[in-house]
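The values are calculated or read from the model by the stated rules, or taken from the named source; none is laboratory data. In this text, all values refer to a predicted model and were calculated from it rather than measured experimentally. Using ideal geometry, Cβ is built from the backbone for each residue, glycine included, and neighbour counts are taken over all protein chains shown.
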Amino acid sequence: MKTHVPNLRKTVVVPGCGHWTQQERPAEVNRELIEFLQGLPLSTS
């Protein structure tokens, strides 16, 4: 994946989850999204 997405920060695999990850495991998805967003630099504009 890193070869195709050069700025990839992290890959997350949710064991036992299908193609509807956000519906099947909303808590895990939200946790990862919040962690990602908190890691972004703050905008100064």
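When residues of the range 4-45 are filtered for being among the polar types (S, T, N, Q) and modelled with pLDDT under 90, how many remain? The total comes to 4.
In the chain, of all residues being of a type in the set (A, V, I, L, M) and part of a loop (DSSP other than H, G, I, E, B), the one that is nearest to the chain's Cα centre (by Cα) corresponds to Val12. Cβ-Cβ distances below 7 Å connect the following pairs, each with a first residue in the range 1-28 that is within 17 Å of Gly39 (Cα to Cα) and surrounded by 10 or more Cβ atoms within 10 Å (Cβ to Cβ), a second residue that is modelled with pLDDT under 90 and of a type in the set (A, V, I, L, M), and a separation of six or more residues or different chains: Leu8/Met1. Taking the range 29-45 as the range and being surrounded by 10 or more Cβ atoms within 10 Å (Cβ to Cβ) and of a type in the set (Val, Ile, Thr) as the test, the residues that pass are Val29, Ile34.
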